[in-house]
Each structure stands twice: as C-alpha cells, then as structure tokens.
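No value in this document is a laboratory result; all are computed from the given coordinates. Fair warning: this is a prediction, and the values are worked out from it, not measured in the lab. Don't worry about glycine lacking a Cβ; one is built from the backbone with ideal geometry, like all the others, and counts go over all protein chains shown.
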Amino acid sequence: MKRYRLFYLSLILCLGVATLTSCGSSKKVVYFQDLKPGETEIQLPEVKAITVRPEDKISIIVNSRDPQLTDLFNLPYVSRQLGQSLSRNGITTGISQGVSVYTVNAEGEIDFPVLGKIKVAGMKREEIAETVKNKLITENLVKDPVVTVEFANLCISVLGEVNHPGRFSIDRDRLTILDALSMAGDLTIYGNRYKVMVLRQEGDIQRVYGIDLTSGNHIYTSPAYYLQQNDVVYVEPNDVKARQSTVNGNNVRSTSFWISLASLLTSVAILIFN
C-alpha cells in the first residue's frame, strides 16, 4: 500500500512540476492580449512618414509627352534593385529596373540636372516630387512633367530572436514595427514578446524604445510604432532560451532540474519506507 501511495505521490509531483513550468506559457507568446474584437478602439500616434535625410539615396524620374526633352532631367540609367531585401543567404529579391540615383549631401541637397541644387532634407517622397515638378513648370522647362520619387537605400535592421534576421529595404512611406517583424518572419518561440527594443539615432542622441507585443495598446501608442530609416529592431531571448544557454540547460530554473529533483526525492522515499 505504501508503494502505491509513493507511486501516486511521485506522479502528482511530476505532473505538478510540469503544470507549473508550462503555466502561463500561452500568455507569454500571444500578441494583442488586451484587444477584444469589435470592442477595442485605440488612438494611433501621429503618423510619421519617412522623410529624407543627408546621405540617403533617392531616385527621381521625370516623364512627359516629349521623351527627348525629359531625358535632359534624368540621370543615366543604372541597373539596380528597387525594393530589395537581403535574406540570410545573401540573395536579394526585388524588381530590377533602371533608376536615377541621387545622394543627399550633408547640407540636405541634391544636384539636379539643369535645375541645380534642390533642398530635399526633411521632405517626404511626394513633397520632393511636387517641388521638382513645380520648378520644371515655373521655369518653362517642361509643360506636363510627371515626377516619380523612390527610396533607393533606406533600410531597417531586425536582430535577435526572429526567424529571418537581416537588413530590409523601406519600400513605403509608412513602415510599422509589425511590418518589420513580418518581413523578418515573425518572432521565434524563444523571442521575448514583452521586450522588443527599437534603437533610433536622432542627431547625436541614441534613443531606445521598448515595445510589449502582448499589449495592443502598448504597441499602437508607442513612439516607435512607425519606424524610420536606419532603425534597429532587437528581440530579446526569453527565459527558456536563457536556460538553454547553460550547460544542458540544467539549472534551478529549468524544467529538467525540477523533474530530476522530484524523481530523486521519490527514489529516496521508496528506499526509506522499504
């Protein structure tokens, strides 16, 4: 009878340890836990579209009914990848096409054909396009210009516990933290949903923002919800990953430690009662 009691005690102890170690695991991996469909409304932060900075590269293409005329305002075409992203094996993806690339200088200007220096720093894509278009019309150079502006080298980096870490091109005016994590293949099971950091350099200041992915309210109201060029997104490893980094993961916080301890105590108890 004592043996049966010890057996059941051992079973209950092992089940209890397993329950304790797995308790709350779903709460640690589920996103947007505070959001309820059809009930939750969150005021998003002010939309902060991507603006051009010194050392950024942009492509500007001018078109009109007279191709020979607009050729004067386009740089020689160079085969490049627009909207490319770098995968882990170094292979780029995107659409190859001719682009005219301008590098914004330290003063925030580009040297545009015929028009000369144009201040573009701090402008959005559509603002740059509108500025070039207005200058061409005002100076009677092109009557019906269509100006297209694209980002050429603007990127963000995603590091840490994601499935596909790397650098990714910015191909839109508004890029969110959720977009970045999606491009990186989402977090691994070992990623800490409570602490995703965004590192952003603003002038001479390096700012660090923390985002809790388990809280929709925290995500959508964060100053780092909208990303900027050169932002670095870092996903911390969770406690499970930290335990695995020790020798065999067998420390006081590991599941294997407590199961081994339960087995040892059961064996000792059997020897004593026998």
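What to note about this one:
- Site pair ARG53 and THR40 shows an inter-label distance of 3.1 nm when each label is modelled 7 Å from Cα along Cα→Cβ.
- On the beta carbon distance between ARG65 and GLU126, with R0 = 30 Å, the FRET formula returns roughly 0.85.
- Per-residue HN-Hα couplings for the range 159-166 [Karplus 6.51, -1.76, 1.60; θ = phi - 60°; Hz; x = Gly/Pro]: 10, x, 7, 10, 6, 9, x, x
- For the range 50-55, putting each phi into the Karplus relation 6.51 cos²θ - 1.76 cosθ + 1.60 with θ = phi - 60° gives couplings of 5, 10, 6, 10, x, 6 Hz, in residue order, rounded to whole numbers and with x for Gly and Pro.
- Set of aspartates and glutamates with alpha-carbon distance to LYS48 below 16 Å, sequence-local pairs under 8 removed: GLU126, GLU127, ASP171, ASP173, ASP179, GLU202, ASP231
- Pairs beyond 22 Å (Cα-Cα), from LYS57/LYS195; LYS124/LYS195; LYS57/LYS133: LYS57/LYS195; LYS124/LYS195
- Integer Hz, Karplus 6.51/-1.76/1.60 couplings in order for the range 168-173, x for Gly and Pro: 10, 6, 8, 10, 8, 6
- Between amide H atoms placed 1.01 Å from N, distances below 5 Å from THR176 occur with LEU227, all of them 5 or more places distant or on a separate chain.
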